[in-house]
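A quick write-up on the structure given underneath.
The values are calculated or read from the model by the stated rules, or taken from the named source; none is laboratory data. Just so it is clear, the structure is predicted and the values come from calculations on it, not from any experiment. In this analysis, Cβ positions are derived from the backbone assuming ideal geometry, glycine residues included, and neighbour counts consider all displayed protein chains. SASA here: full protein model, heavy atoms, side chains in, ligands and nucleic acids out. Shrake-Rupley method; radii C 1.70, N 1.55, O 1.52, S 1.80 Å.
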Amino acid sequence: MTRNLLNIDTSTKLAGLIGHPVGHSLSPYLQGRLASHMGINMAYLGFDVEPGTLKSMINGGLAMKAVGFNVTVPYKKDVMQYLSSIDPKAEKIGAVNTLKPKCGSFVGYNTDMPGFCRALKYDGVDVKGKNVVMIGAGGAANAVLCGLLEEGAAFVLVLNRTVSTAEALAERFRSDYPGQTIETWSLSDDYISFMKKPEFSDKPWIAIQCTSVGMHPDDTNTAIKDDEFYKLTDTGYDVIFNPSETEFMRRVKACGGRAFNGLKMLIFQGFRSFEIWNDVIVDDEFATELIPDMEELLSNN
Ligand code: ATR
């Protein structure tokens, strides 16, 4: 596996991940590989920011003239109050995962959404005009819903354990995408009958799994256990990448569909952050090189 080769000197740009904890993040590896591949002298470190010290971290990052930061759990919302401006899509999603300095403060972006869209394209999944069902309405689901609407999904059904959370999510997006329909259902109601309605029968469903159910070590679990759901699904996308094949993916495949995990979403959100910081475009082919290396890294973790 290719390792990061750092030749740090006084012109090395600093980037990093702000979160708590950050110990298991793959971003330092991913960003190190991107820097080597693109020939950019940038070092990317993990910063474990203790609760209550986020503002100091932001000010420190500015003082050190960092080229930018990623932001992860639990600071994706909190960080917004310390920024001079926020990209409109990040504002709509309600979360910032990328900071770039501008005129003495940081601008906030969300690269999870474009990362998700690029992963769909990479895998040849076109949601334009299609029926899409999402499971979950948390942080990941916000970026996914925005991406699906941006890519032209005709109908998005949001299923969630807590339907009020799904409805609040849908309501934030409805007026911005008036030609597209967003409907919400509780996971405990009969959403299968709804999905089988004749108006949806001409196109199979694309399903995006956005909950944390099934994440390692809960490998054999899935938020939906009814086979009827999987029979209606021809393409399944799981935002989880560990395990590499989730129970959700296994069930989609067992019913004859194709299924993808969230590793490419992670890779492409990293590409987009790197592009924003360094004003470059990263070629998609580099993802093809990175995927097996990151899979190996995950299997050794
Ligand atoms: P993330 O930021 O990773 O998306 P999150 O914001 O905590 O995480 O959201 C977790 C999602 O997984 C939510 O949609 C949550 O449903 P609720 O809104 O009802 O809490 C969903 N989830 C978590 N555990 C679940 C379970 N056991 N069954 C079904 N859904 C679950």
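Quick notes on this structure:
- CD proxy at 222 nm, helix term only [per DSSP H run n ≥ 4: -39500 (n - 2.57); per residue of the chain; nearest 500]: -11000 deg cm²/dmol
- Extension gain, His37-Ile192: 0.36 nm per intervening residue step, less the Cα-Cα distance, totals 51.2 nm.
- Calculated FRET efficiency for the pair Glu199/Ala63, C-beta based, R₀ 51 Å, to 0.05: 0.35
- By the Stokes-Einstein formula, at 1.306 mPa s and 10 °C, the chain with its Kirkwood radius over alpha-carbon pairs has D equal to 79 µm²/s.
- Cα gyration tensor category, rounded, prolate or oblate, for the stretch 1-144 with a/c compared to 1.5: oblate
- Candidates per trypsin sites (Lys or Arg not before Pro) in the stretch 2-85, loop by DSSP, up to 11 other Cβ within 10 Å: Arg3, Lys65
- Remark: the chain carries 44 Å² of accessible area per residue (probe radius 1.4 Å; ligands, DNA and RNA excluded).
- Cα shape, the stretch 114-261, gyration tensor, a/c 1.5 rule: rounded
- Centre-to-centre, using Cα atoms only, the stretch 153-185 and the stretch 223-249 are separated by 20 Å.
- The chain: angle of helix 263-278 to the longest principal axis, Cα-based, in degrees nearest 10: 40 degrees
- Counting every pair of alpha carbons in the stretch 17-101, the share spaced more than 18 Å apart comes to 43 percent.
- In Å², nearest 10: area of Asp112 left accessible to a 1.4 Å probe: 40 Å²
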